[in-house]
Amino acid sequence: MYSANFDYHRAKSLSDAQRLLASNPGAKLLAGGHSLIPLMKLRLASPSAVVDIGRIPELRGISKSGDGIRIGSLTTHAEIAASADVQKSAAALAEAAGLVGDPAVRSRGTIGGNVAHADPASDLPTVLVALDAKIVAIGPKGERTISADGFFTGIMSTTLADDEVITAIVVPALAKEQGSAYVKFSHPASRYAVIGVAASVTSSGGTCSAARVALGGLVPHATRANAVEKALVGGGLDTTAIGTAAAKVGTDLGNEVTGDIFASAEYRTAVAPVYVKRAIAAAAARAGLA
Amino acid sequence: MELSVSLTVNGRRYDRQIEPRLLLVHFLRDTLNLTGTKIGCDTSQCGACTVMLDGVAVKSCTCLAAQADGSSVTTIEGLAPDGQLDRVQEAFWEKHGLQCGFCTPGMIFATKALLAANSNPSAEQIRHALEGNMCRCTGYQNIVRSVQAAAAAGAR
Ligand SMILES: Cc1cc2nc3c(=O)[nH]c(=O)nc-3n(C[C@H](O)[C@H](O)[C@H](O)COP(=O)(O)OP(=O)(O)OC[C@H]3O[C@@H](n4cnc5c(N)ncnc54)[C@H](O)[C@@H]3O)c2cc1C
Ligand code: FES
Ligand code: FES
């Protein structure tokens, strides 16, 4: 399959990318290409120009910063999954990155592209919402930092402007007795998330003092499970308490659940509590609670 | 728009003028006539088009030739000198890891990527590593055996 014709520009640096975006109205950024190229081949997207940011060294790599871990937007899923720093302080993110697609997809796909594309069935948005991560983007008006919770607004839509480039994702440092986990029901062919649940729980002397639980795959965009979180905080984190809290996910889902030929909305709704329970239990175990 | 690209494929350098929309798989198959690389799904799912790009296994139906400009590509034709087989190919031959052979070039590169990272994978790790490669013939059992045999023979 061939996409429609387009002009191709390779950016040498971040400022070069911004210049190319400004001088080519209708241009799309190209990172790993593992969401954009399939869309262009299906002609669901036909940008007049593509600005390839795939070789900008300053956008790549994982480093520890004062406020946590900073992951350059061009860092691949494979690099994130293999990073000891990410495994240690953002276990859910390493787990999710390791479950994206298949090895060839993970070698090309990037965190920045994944977040900007905001496919409802993708994994990283769910985790970034649960981990209270920040998305750093630069545009003509300068740099801004956007909270992941609120960044995703609908199916493949975010608050990012067309002329903004995501430069990094910042995941806050782990608190004492905090643990996170991601569990996923993968589509058997594409490996995209049919259901994805990310949980982060913090303990304070055995009681759950903070919890963030996010849902993906079965809703139009990564969303927090407020009712589940509320039920967790202040309680214990034994199997019964986790099960009771997980059952509240029905309230969070409401009638927003998406269904398709593979899994109906009813089916996803019925199975969701199981995945919510597993994610919380795994996060609690990492927090040293369970 | 036409672009000048320069790719090294199987050790030989090719300079070509291409359309930006030309996919790496079409560059290999249609421009260079290297038809060992197959197109199965053309939607990034089946892995039949997998090649090595700068040492990394990638789906060439989901990569623009322009993105590979300046890079080094290995296709199934370049894995071993004419008339010889690479050790992974040898193992697929010995263990009947193929029937029609359509998925095989991709399977071989996914296997090579796995063995480069893990020289002694378990059956489960092999299945996980080959998740992006579909086979409609073998039922996968003999593919797993082939990868195990390749690992045992010290293939990389
Ligand atoms: C077979 C297959 C299976 C997959 N399975 C999964 C899965 O299980 N889970 C999952 O989460 N994902 C999955 N993916 C998607 C994969 O993770 C993508 O690689 C990712 O979503 C997009 O990253 P990319 O670097 O390839 O982005 P691209 O395709 O290059 O770009 C995607 C979009 O983001 C924009 N963009 C890219 N970088 C930036 C930036 N720095 N700033 C602003 N905008 C930017 C582009 O303009 C484009 O609109 C799968 C993909 C394939 C092909
Ligand atoms: S043809 Fe490329 S993955 Fe199927
Ligand atoms: S041998 Fe026929 S598809 Fe695998």
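Every number in this text was worked out from the coordinates using simple rules, so none of it is lab data. As the structure is a computational prediction, the values presented were derived from the model and not from experiment. All Cβ positions, glycine included, derive from the backbone under ideal geometry; neighbour counts span all protein chains shown.
Here are the numbers:
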quantity: Chain A: mean projected area of Cα convex hull, nm²; calculated: 14.6
quantity: Gained length - A:Glu58 relative to A:Thr240, 0.36 nm times residue gap less alpha-carbon distance; calculated: 60.8 nm
quantity: Relative contact order %, the range A:7-52, counting alpha carbon pairs below 8 Å whose residues are six or more apart; calculated: 55
quantity: Gained length - A:Ala247 relative to A:Arg43, 0.36 nm times residue gap less alpha-carbon distance; calculated: 69.3 nm
quantity: Candidate lysines - alpha carbon under 19 Å from A:Lys277, same-chain residues fewer than 8 apart omitted; calculated: A:Lys184, A:Lys230, A:Lys248
quantity: Footprinting exposure proxy for A:Tyr2, B:Tyr140 (fewest neighbouring C-beta atoms within 10 Å first); calculated: A:Tyr2, B:Tyr140
quantity: Rounded, prolate or oblate (a/c below 1.5 giving rounded, otherwise prolate when a/b exceeds b/c) for the range A:60-113 by Cα gyration tensor; calculated: oblate
quantity: Kirkwood Rh in Å, taken over all unlike Cα pairs in the range B:3-79; calculated: 12.0
quantity: Distance histogram in 10 Å bins (all Cα pairs of the range A:131-256, percent per bin); calculated: 12, 36, 34, 16, 3, 0
quantity: Value at 222 nm in deg cm²/dmol, rounded to 500, when DSSP H runs of n ≥ 4 in chain A each add -39,500 (n - 2.57); calculated: -9500 deg cm²/dmol
quantity: Of B:Thr43, A:Ser186, A:Ala284, farthest towards positive along the dipole that unit charges on Lys, Arg, Asp, Glu beta carbons give the protein assembly as shown; calculated: A:Ala284
quantity: Rounded FRET efficiency, nearest 0.05, which uses the C-beta distance separating B:Ser72 from A:Val233 and R0 of 41 Å; calculated: 0.15
quantity: Chain B: Cα Rg divided by the 2.2 N^0.38 Å rule of thumb; calculated: 1.02
quantity: Mean Kyte hydropathy of -1.0 or more with a Cα span along the axis of at least 18 Å, helices from DSSP in chain B; calculated: B:104-117
quantity: Burial order of peptide ranges A:219-228, A:203-212 (average beta-carbon count within 10 Å, highest first); calculated: A:219-228, A:203-212
quantity: Segment B:Asn33-B:Trp93, extension gain: residue separation times 0.36 nm, minus the distance between their alpha carbons; calculated: 19.1 nm
quantity: Magnitude of the charge dipole, the protein assembly as shown, Cβ model with Lys/Arg +1 and Asp/Glu -1, debye to 20; calculated: 420
quantity: Nonlocal amide H pairs with A:Gly68, under 5 Å, H built at 1.01 Å; calculated: A:Ala173
